[in-house]
Amino acid sequence: MRWDIIPVFVPIIFQGVKITLQISALGILFGTMIGLVVGLVRSQKPANPVLRLLYGLATLYVEVIRGTPFLVQLYLMYYGPIYLFRLDLPAMTAGIIALSLNSGAYVAEIARGAIESIDRGQMEAGRSLGLTFVQTMRHIILPQAFRRALPPLANEFASLIKESSVISVLGIADIMFKAKTVGTAHFAVFPALLVAAVYYLVLTGITSQLVRLMERRLGHSDSH
Amino acid sequence: MIRISNLQKSFGKLEVLRGIDLEVARGEVVALIGPSGSGKSTLLRCVNLLEQPTAGSIVVDGEEITAPGFDVNRLRQRVGMVFQHFNLFPHMTVLRNVTLAPVLTGRLSAKDAEDRALELLARVGLRDKAAAYPDSLSGGQKQRVAIARALAMNPEVMLFDEPTSALDPEMVKEVLEVMKRLALDGMTMMVVTHEMGFAREVCDRVLFMDEGQLVEQGAPKQLFSNPQHPRTAAFLNAIL
């Protein structure tokens, strides 16, 4: 076992941290945006037929994403456009889209759960004061739901960072890719993977700390 | 002020209101009493369209609110509602709870809304709680804030849905006291209540409902001491 090689690996694999951070940050950003919209659509079954269709599509999306492996989704997103439209998507773009779509479905379920957990009386109180549905959502329901969604969101963001390692199969030079290549080149895969593991641990650790900090700053919105 | 004609409401197969006819004059205070499940709350919630009636019509201040396409938000700005479980917004201070609706609906500037809110909070005896969060208030205090919040929209009618039913006994009085003053100030009020003392003392008229129908109504004294209908008599016997 060549422990002495670790100091050589540390800076090389660190180059991958930047890429991992980049794809994760974009995945979190777009995933949250998709998740918020889909979660809102799924938070009440509407009577209006157009909205009903939207609700059905949102449900289908969530079920498909949650029911298939991320690796399969990633390959579909990478090879699909070439196969169907002769559109050669760069690996980075395909990876970020796949990651965002994947995360969006999980965030949607978190958002829906958080919105549904707010007492029905809050919506009634807002509406009874003459506020519109949108005003009540924006000023009364969503701020409370957001506070409740934070702990599961922290989980989701951490798991997105970990899941992003799968993207290395497309040849994107993230932490995982660097570890595999540099480890193989030096015939020392195990120490390289250990270094990668530590980097992931630090990234997910920082993420959950940040979310916890946010939770504390939003202290006042939980109980009734 | 309010004219309800042949109002019906069903939830699926369950008929909750079976043809209610009722008029409430401006400045009148009416109590709705009756066993649970009799439709009192549903009737009240129809008046600000929190429940959509299945059939019949409701006219508030000359406007038929049950007409298709009627602007419910405008109606609700004129009809205040106080709930059994207060439904204060827990993530906002007491002051913000009261100022939110007048500011968002564009009725008052932020500054005017705040002045008005402080005045209303003083009226319900909670001026010193303006900066507090609802969590830190007692049930009675919460309900008084909820009344101030509804009054901030300057409603012409106030609906009270069992406003004291979720309160500890020692807090009932402070809420009823606020409601009584409101009644004396000439507010039109519909109150679903189990507080017979309040109904007797403050209300102009008491309506007894059972199984989705208005069984009997009259001045409190007359209805309580000399009920005409056997169901009214049985109900009063059971609770008094």
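Test residue A:18 against the stated conditions and say whether it is among the basic types (Lys, Arg), more than 22 Å from residue A:175 (Cβ to Cβ) and free of Cβ contacts under 8 Å to residues at least 12 places away in the same chain. Here the answer is no, as residue A:18 does not meet what is asked. Summed over region B:21-54, the residues that are out of contact with any Asp or Glu (no Cβ under 8 Å at 6 or more places or on another chain), part of a strand (DSSP E or B) and open to solvent by less than 20 Å² (accessible area, probe 1.4 Å) give a count of 5. Residues that are within 9 Å of chain A (Cβ to nearest Cβ), open to solvent by 30 Å² or more (accessible area, probe 1.4 Å), touching a residue at least 40 places away in the same chain (Cβ under 8 Å) and touching a helix residue (DSSP H, G or I) at 6+ places or on another chain (Cβ under 8 Å) occur at least once in region B:121-133. Taking the criterion of being within 7 Å of chain B (Cβ to nearest Cβ), crowded, with 23+ Cβ neighbours inside 10 Å and part of a helix (DSSP H, G or I), the residues of region A:121-137 that qualify are A:125, A:128. Taken together, the criteria exclude residue B:209 from residues that are assigned to a loop (DSSP other than H, G, I, E, B), in contact (Cβ under 8 Å) with a residue 24 or more places away in the chain, surrounded by 18 or more Cβ atoms within 10 Å (Cβ to Cβ) and over 14 Å from the mean Cα position of the chain (by Cα). The number of residues in region B:136-172 that are in a helix (DSSP H, G or I) and crowded, with 16+ Cβ neighbours inside 10 Å comes to 15.
Flag set for residue A:178, criterion: surrounded by 23 or more Cβ atoms within 10 Å (Cβ to Cβ) and assigned to a helix (DSSP H, G or I). Candidates in region B:59-79 are the residues that are away from every other protein chain (no Cβ under 14 Å) and in a strand (DSSP E or B); of these, the one that is surrounded by the most Cβ atoms within 10 Å (Cβ to Cβ) is B:59.
With respect to being under 22 Å from the mean Cα position of the chain (by Cα) and either within 30 Å of residue B:94 (Cα to Cα) or facing chain B (nearest Cβ under 10 Å) (or both), residue A:140 falls outside the description.
Within the set A:72, A:64, A:50, the sole residue that is of a type in the set (Val, Ile, Thr) and at pLDDT below 95 turns out to be A:50. Give the residues of region B:7-19 that are more than 18 Å from residue B:61 (Cα to Cα) and either out of contact with any helix residue (DSSP H, G or I) (no Cβ under 9 Å at 6 or more places or on another chain) or surrounded by 14 or more Cβ atoms within 10 Å (Cβ to Cβ) (or both), sorted by residue number. Residues satisfying the conditions are B:8, B:9, B:10, B:12, B:13, B:14, B:15, B:16, B:17, B:18, B:19. In this structure, does residue B:106 turn out to be assigned to a strand (DSSP E or B) and either buried (at least 24 other Cβ atoms within 10 Å of the Cβ) or more than 7 Å from every other protein chain (Cβ to nearest Cβ) (or both)? Here the answer is no, as residue B:106 does not meet what is asked. For residue B:118, the conditions (1) in contact with a Phe, Trp or Tyr (Cβ under 9 Å, 6 or more places away or on another chain); (2) part of a helix (DSSP H, G or I); (3) surrounded by fewer than 24 Cβ atoms within 10 Å (Cβ to Cβ) all hold with the exception of (1). Taking the numbered list (1) touching a residue at least 60 places away in the same chain (Cβ under 8 Å); (2) within 14 Å of another protein chain (Cβ to nearest Cβ); (3) within 29 Å of residue A:97 (Cβ to Cβ) in turn, residue A:166 passes all entries but (2).
The values are calculated or read from the model by the stated rules, or taken from the named source; none is laboratory data. The structure displayed is predicted, hence computed values, not measured ones. Cβ sites come from the backbone with ideal geometry, for glycine too, and all protein chains shown count toward neighbours. Accessible surface is based on the protein model in full, side chains and every heavy atom, while ligands, DNA and RNA are left aside. Shrake-Rupley method; radii C 1.70, N 1.55, O 1.52, S 1.80 Å.
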